[in-house]
Amino acid sequence: ECSFEANPPFISQVMTKMAEHMEALLREAAERDKALSFTIILPGWVDEPCWAILSKSSFKQDTWLIAKKDHGYCDGAQHQRRDRYRESPFDTAIFFLQTKKAAQKWPVTKELEKEMRDAMADAHP
């Protein structure tokens with residue numbers, strides 16, 4: 001019983017394989033009545049195959065799409081940069097996939113969404 005965050009490389013095949021693997025893990029966890037949760041952060045590329053898999057998942061609790069103008073991110077090379085934060089080059093999607101037991105244990109709420117959107121807005125340079 002676990003909750004995971006995934007922010008894979010933005011490569012179509014990698015994101016698709018990740019989504020397929022998560023679906024299989026969620027199905028197995030649901031069959032065993034286990035709490036399993038994935039928070040997935042991806043670019044807002046709605047035409048990608050992974051988008052269709054995640055959007056149609058029976059485990060999807062919610063999806064948030066955050067416009068690129070409304071957020072930034074902390075650069076991985078922040079220690080070498082003058083500015084810690086960078087503008088996002090595209091919209092960001094956050095998917096929440098959970099088994100029924102996980103949704104009870106770690107609910108996706110409007111308060112959580114507001115907190116997350118505020119934090120991401122604070123990262124805008």
One residue is enough: does segment 96-103 have a residue meeting the conditions touching a residue at least 12 places away in the same chain (Cβ under 8 Å), over 17 Å from Pro8 (Cβ atoms), out of contact with any Cys (no Cβ under 9 Å at 6 or more places or on another chain) and among the hydroxyl-bearing types (Ser, Thr, Tyr)?
yes
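Rundown of residues vs (1) under 15 Å from the mean Cα position of the chain (by Cα); (2) within 23 Å of Ala121 (Cβ to Cβ); (3) of a type in the set (Val, Ile, Thr), yes/no style:
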{"residue": "Pro9", "(1), (2), (3)": "yes, no, no"}
{"residue": "Val14", "(1), (2), (3)": "yes, no, yes"}
{"residue": "Ala19", "(1), (2), (3)": "yes, no, no"}
{"residue": "Asp33", "(1), (2), (3)": "no, no, no"}
{"residue": "Ser57", "(1), (2), (3)": "yes, no, no"}
{"residue": "Ala67", "(1), (2), (3)": "yes, yes, no"}
{"residue": "Leu97", "(1), (2), (3)": "yes, no, no"}
Inspect segment 95-111 for any residue being modelled with pLDDT under 95 and open to solvent by 20 Å² or more (accessible area, probe 1.4 Å) and give the result as yes or no.
no
Among the residues of segment 23-43, which ones are under 17 Å from Ile11 (Cβ atoms) and buried (at least 18 other Cβ atoms within 10 Å of the Cβ)?
Ile40, Leu42
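Would you please name the residue that is nearest to Leu26 (Cα to Cα), looking only at residues in segment 56-72 that are touching a residue at least 40 places away in the same chain (Cβ under 8 Å) and open to solvent by less than 40 Å² (accessible area, probe 1.4 Å)?
Step one: list which residues in segment 56-72 are touching a residue at least 40 places away in the same chain (Cβ under 8 Å), which gives 57, 59, 61-62, 64, 66, 70-72.
Among the residues that remain, those that are also open to solvent by less than 40 Å² (accessible area, probe 1.4 Å) are: 57, 59, 64, 66, 71-72.
Working: Ser57: 10, Phe59: 7, Trp64: 20, Ile66: 25, His71: 30, Gly72: 30 Å.
Here the residue is Phe59.
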Listed by first then second residue, the pairs whose first member lies in segment 17-39 and is touching a residue at least 24 places away in the same chain (Cβ under 8 Å), whose partner is open to solvent by less than 30 Å² (accessible area, probe 1.4 Å) and aromatic (Phe, Trp, Tyr), with beta carbons under 6 Å and at least 6 positions apart or on separate chains, are Met22/Phe38; Leu26/Phe59; Thr39/Phe96
Is it fair to say Lys60 is of a type in the set (Lys, Arg) and farther than 19 Å from Glu115 by Cα?
yes
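The values are calculated or read from the model by the stated rules, or taken from the named source; none is laboratory data. A quick note: this is a predicted structure, and the numbers were derived from the prediction, not measured. Virtual Cβ from ideal backbone geometry, glycine too; neighbours counted across all protein chains shown. Just so you know, the surface numbers come from the protein's heavy atoms only, side chains and all, with ligands and any DNA or RNA stripped out. Shrake-Rupley method; radii C 1.70, N 1.55, O 1.52, S 1.80 Å.
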